[in-house]
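**Q** Starting off with a structure, shown below.
The values are calculated or read from the model by the stated rules, or taken from the named source; none is laboratory data. Since we're looking at a predicted model, the values are computed, not measured. Cβ coordinates were reconstructed from backbone atoms using ideal geometry, including for glycine residues, and neighbour counts include every protein chain displayed. Quick note on the areas: whole protein, heavy atoms, side chains included, nothing else; ligands and nucleic acids left out. Shrake-Rupley method; radii C 1.70, N 1.55, O 1.52, S 1.80 Å.
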Amino acid sequence: MAPTYDIERHLLALPSTRLVAGVDEVGRGAWAGPVTVCAVVTDLSAPPAGLTDSKQLTQRRREALIGELESWATGIGYGEAGHTEIDRLGMTEALSRAARRALEALPVRPDAVILDGAHDYIGAPWPVRLEVKADAVSVSVAAASVLAKVRRDAYMATIGCDEYGFADNAGYPSPIHQAALAEHGPTPHHRLSWSYLDDLPKWRHLKQHRDPLVGEGQESLFG
């Protein structure tokens, strides 16, 4: 099924809502690099052909959609939180800050937000409609998912560290990435508060510890 404007139209039927933004993030599960959030506002016109959840599209198709999305959307805003901010604050707070930056970067302030997922990491002052798999059912969130993914992937491809394969894995724990970590240790782009370091005795001393009341790390993905 292609995404629709059903959720957007439902929200726009409310007296207090004149503009709705779709929001999605990418990079939450990566071990290196920033988390990137995109917010998209549309005029409910027909989206570019083939638009859907970014995970259902090839890299080539995602990149081909970018020009169409940028000329079609009424407004696009990006926000990021870097690896040091994630280490300092935890992912939930880092996501919140990145999302607020994305919404504040829009040319017009939205009255409501459609957020992909089951947890509201944005909060007041924006009324947030949570929708699991919103990137597959909402046009504006699908657009945000593609734009965020292409932007972050392009950045990760520019930071070097070729032996870690960032140009291909975007900082996610692929076999090449894990092997490079075990041999060479974390790069200046890695999140050092996350528990993958617990599985690397040679580099475990580099792990940063935060007050658990401030934020949370990431579960280990090593089997």
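**Q** Go through segment 70-112 and report how many residues are part of a loop (DSSP other than H, G, I, E, B) and touching a strand residue (DSSP E or B) at 6+ places or on another chain (Cβ under 8 Å).
**A** Qualifying residue count, segment 70-112: 8.
**Q** Report, by residue number, each residue of segment 71-90 that is open to solvent by less than 10 Å² (accessible area, probe 1.4 Å) and in contact (Cβ under 8 Å) with a residue 60 or more places away in the chain.
**A** Result: Ile86, Asp87, Gly90.
**Q** Just checking: which of the helices (runs of 4 or more DSSP H) contained wholly in segment 113-223 hold 3 or more residues that are open to solvent by 30 Å² or more (accessible area, probe 1.4 Å), within 30 Å of Ser45 (Cα to Cα) and at pLDDT 95 or above?
**A** Correct list: 139-156.
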